Amino acid sequence: MKPHPSGRPRGIRGAAALGLAAAGALLVGLAATPSGAADAAGPVLRDLAQAQGKYYGTAVTASKLNGTYADIAGSQFNSITPGNEMKWESVEPSRGTYNWSGADAVVNFAQAHDMEVRGHTLVWHSQLPGWLTGGSWTADQLRTLMTDHITTEVGRYQGKITHWDVVNEPFNEDGTFRQSLWYTKLGPSYIADALRAARAADPDAKLYLNDYNTDGTGAKSDGMYNLVKSLKAQGVPIDGVGFQGHLILGQVPSTMKANLQRFADLGVDVAVTELDIRMTLPATDAELAQQKADYRAVTDACVAVSRCRGVTVWGFTDSDSWIPDVFDGQGAATPYDEGYRPKPAYYGIAESLGWTGDGGDPGDPDPDPTTGCTVGYTVTSQWNTGFTANVTVKNTGSSPVNGWQVAWAYPSGQRVTSGWNATVTQSGAQVTAANAPYNATIGAGGSVSFGFNGTWSGATPRPPRSPSTARPAPRAERPAVRLGGPDGTPPRRPGDRAWKSA
Ligand code: 9MR
């Protein structure tokens with residue numbers, strides 16, 4: 001079994017969790033949900049990043065934060081950025097009328113999953129409400145509107161947002177200031193004013209400037225560098241610089257690490273804030289392999305710079321990426337495909353963060369990202385002190401599985417006495433069923449069944465949570481199944497379903 005970085009398989013962490021984990025040389029993560037598949041056998045980016053003293057983050061769409069999308073966001077990432085929900089047009093579509101629903105949803109999700117939040121973004125030239133861009137304001141009025149907006153939004157989330165992108169994309173490609181609404185009316189001082197207002201509203205949040213095409217050295221990066229240097233010299237509160245990282249396949253700037261380091265040397269933190277790496281569709285194996293190398297190179301740059309706080313991908317799945325809408329014929333820019341299967345890029349990130357398993361290269365035996373399973377558990381007969389159960393495991397992935405395990409907990413004293421068609425063992429509450437030699441292989445779409453006898457008696461309280469779930473468990477680790485309905489006992493009537501996939 002492939003150990004979780006912490007030394008335990010994640011699939012069996014929850015007290016009543018039933019997960020499938022791989023066994024033998026061919027390690028295939030099977031679980032009741034596709035995200036569990038990645039969890040059971042593969043790397044966990046947030047844990048790997050944390051071990052490096054970094055975070056790994058993702059941008060999300062608040063309205064999609066349920067099901068598998070939420071499972072992956074909450075289990076793989078420990079920082080979150082709302083893709084659009086904190087932008088001015090989202091939070092104040094008409095003057096004085098606020099809508100915090102999307103922003104609140106992201107912050108609440110983050111708190112429930114022990115994630116940092118990158119607030120994005122307070123002062124930008126884009127996605128501003130029409131009432132603001134269409135108004136005719138004096139410089140004083142506009143400055144007050146800007147600082148009031150910052151005070152309101154940063155104040156609302158005070159203490160809940162780790163990093164704010166206070167000013168977004170202030171530069172032209174040649175390193176001069178962008179002629180935005182803000183710059184043309186207020187001049188460059190709008191940046192210092194914005195930072196001061198943000199500091200006053202939340203003294204603990206780290207305040208960032210953020211831009212694209214500043215990832216490597218060059219004129220635009222020089223513009224940002226000179227600005228940060230001058231803000232620091234004036235004592236303006238600036239804590240960090242975000243490098244968006246909207247990159248093209250095969251074009252990670254060779255100067256990226258040196259560029260991050262020179263900003264760090266100015267005395268600010270740095271972060272890669274919106275990483276995606278686009279390619280011409282359809283994606284070929286060679287392109288996906290290059291993308292893996294590219295994701296690895298960007299993550300390597302962050303790992304190598306101690307003041308790099310972390311990396312955020314701009315959407316973790318190709319189904320939630322802005323690229324196809326904006327770049328004709330381009331896409332496949334994120335680490336998961338549209339079906340939420342990890343791509344080679346995901347393994348490139350993991351390897352950069354110290355993971356040493358196999359994955360994502362041609363010829364790697366595992367983990368085939370197109371794995372998944374359903375598990376059915378039925379008590380076929382039951383009497384005063386005993387029961388017989390049957391378990392069916394179906395491989396819903398597109399590749400055969402060679403070697404499997406099913407693991408679950410019996411929290412209320414049930415004991416397995418003998419099994420067939422699998423080696424069923426129990427240690428305390430934990431039960432593990434491993435394939436027999438003759439049913440190790442489950443073809444794509446195929447199933448195997450095994451059974452066992454067990455004993456039970458006495459009270460049957462609801463399964464407790466494992467103490468190891470002190471931080472809120474990602475959904476994929478929560479009980480995928482429930483034993484015998486709400487009280488955790490095998491069902492009373494022969495033939496009842498003891499549990500079903502969540
Ligand atoms: O991902 C965002 C997309 O859904 C919006 O349509 C778009 C509008 O400009 O903004 C996208 O996010 C941008 C981010 O806020 C700032 N950097 C560039 C990102 C991609 O456009």
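Tell me, please, whether a residue that is assigned to a strand (DSSP E or B), of a type in the set (V, I, T) and modelled with pLDDT of 95 or more can be found in region 245-254.
Within region 245-254 (the criterion being assigned to a strand (DSSP E or B), of a type in the set (V, I, T) and modelled with pLDDT of 95 or more), the answer is yes, since at least one residue qualifies.
Please pick out the residue among G119, G42, G74 that is within 17 Å of the chain's Cα centre (by Cα), within 14 Å of the ligand (Cβ to nearest atom) and in contact (Cβ under 8 Å) with a residue 60 or more places away in the chain.
Only one candidate qualifies: G119.
Which one of these is outside any helix (DSSP H, G or I) and without any contact (Cβ under 8 Å) to a residue 60 or more places away in the chain: D193, D174?
After applying the criteria, what remains is D174.
Given the conditions (1) in a loop (DSSP other than H, G, I, E, B); (2) open to solvent by 20 Å² or more (accessible area, probe 1.4 Å), and given that I161 satisfies all but one, which numbered condition is not satisfied?
Unmet for I161, out of (1) in a loop (DSSP other than H, G, I, E, B); (2) open to solvent by 20 Å² or more (accessible area, probe 1.4 Å): (2).
For D174, are the conditions met, namely being of a type outside the set (G, A, S) and within 27 Å of A49 (Cβ to Cβ)?
Taking the combined requirement at face value, the residue does not satisfy it.
Restricting to region 129-147, give me the number of residues that are part of a loop (DSSP other than H, G, I, E, B) and surrounded by 12 or more Cβ atoms within 10 Å (Cβ to Cβ).
3
Scan region 227-238 for residues that are open to solvent by 30 Å² or more (accessible area, probe 1.4 Å) and in contact (Cβ under 8 Å) with a residue 24 or more places away in the chain and report the count.
3
Among the helices (runs of 4 or more DSSP H) lying completely within region 274-367, list those that include at least 2 residues that are among the polar types (S, T, N, Q) and open to solvent by less than 10 Å² (accessible area, probe 1.4 Å).
285-304
Yes or no: S63 buried (at least 20 other Cβ atoms within 10 Å of the Cβ), at negative phi and hydroxyl-bearing (S, T, Y)?
Judged against the criteria, S63 is not a match.
For region 230-248, name all the residues that are under 20 Å from the mean Cα position of the chain (by Cα) and not aliphatic (A, V, I, L, M).
G242, F243, Q244, G245, H246
Only residues that are surrounded by 16 or more Cβ atoms within 10 Å (Cβ to Cβ), away from the ligand (no atom under 16 Å from the Cβ) and within 21 Å of Q251 (Cβ to Cβ): list them for region 190-219, please.
Passing the criteria: G216, T217, G218.
Among the numbered criteria (1) open to solvent by 30 Å² or more (accessible area, probe 1.4 Å); (2) away from the ligand (no atom under 16 Å from the Cβ), which one does S126 miss?
The single condition S126 does not satisfy is (2).
Taking region 220-239, which residues are of a type outside the set (S, T, Y), under 30 Å from D294 (Cβ atoms) and away from the ligand (no atom under 16 Å from the Cβ)?
D222, G223, N226, L227, V228, K229, I238, D239
Considering every residue within region 41-55, establish whether at least one is touching a helix residue (DSSP H, G or I) at 6+ places or on another chain (Cβ under 7 Å), open to solvent by less than 10 Å² (accessible area, probe 1.4 Å) and within 18 Å of D320 (Cα to Cα).
Scanning region 41-55 turns up no residue that is touching a helix residue (DSSP H, G or I) at 6+ places or on another chain (Cβ under 7 Å), open to solvent by less than 10 Å² (accessible area, probe 1.4 Å) and within 18 Å of D320 (Cα to Cα).
What residue, of T152, T147, T162, T97, is polar (S, T, N, Q) and under 27 Å from D215 (Cβ atoms)?
On inspection, the qualifying residue turns out to be T162.
In the set N84, N66, which member is modelled with pLDDT of 95 or more and within 16 Å of the ligand (Cβ to nearest atom)?
Answer to the check: N84.
Which of the residues spanning region 129-160 are of a type in the set (V, I, T) and more than 16 Å from the ligand (Cβ to nearest atom)?
The answer is T138, T144, T147, I150, T151, T152, V154.
Collect the residues in region 99-108 that are among the aromatic types (F, W, Y) and open to solvent by less than 20 Å² (accessible area, probe 1.4 Å), keeping them in residue-number order.
Of everything in region 99-108, nothing turns out to be among the aromatic types (F, W, Y) and open to solvent by less than 20 Å² (accessible area, probe 1.4 Å).
Can you tell me which residue among G451, G445 is out of contact with any Pro (no Cβ under 8 Å at 6 or more places or on another chain) and at pLDDT 90 or above?
Of the residues listed, the single one that is out of contact with any Pro (no Cβ under 8 Å at 6 or more places or on another chain) and at pLDDT 90 or above is G451.
The values are calculated or read from the model by the stated rules, or taken from the named source; none is laboratory data. This structure is a prediction, so every number in the text was calculated from the model and none was measured. Positions of Cβ are generated from backbone atoms using ideal geometry, with glycine treated the same way; all protein chains shown enter the neighbour counts. SASA here: full protein model, heavy atoms, side chains in, ligands and nucleic acids out. Shrake-Rupley method; radii C 1.70, N 1.55, O 1.52, S 1.80 Å.
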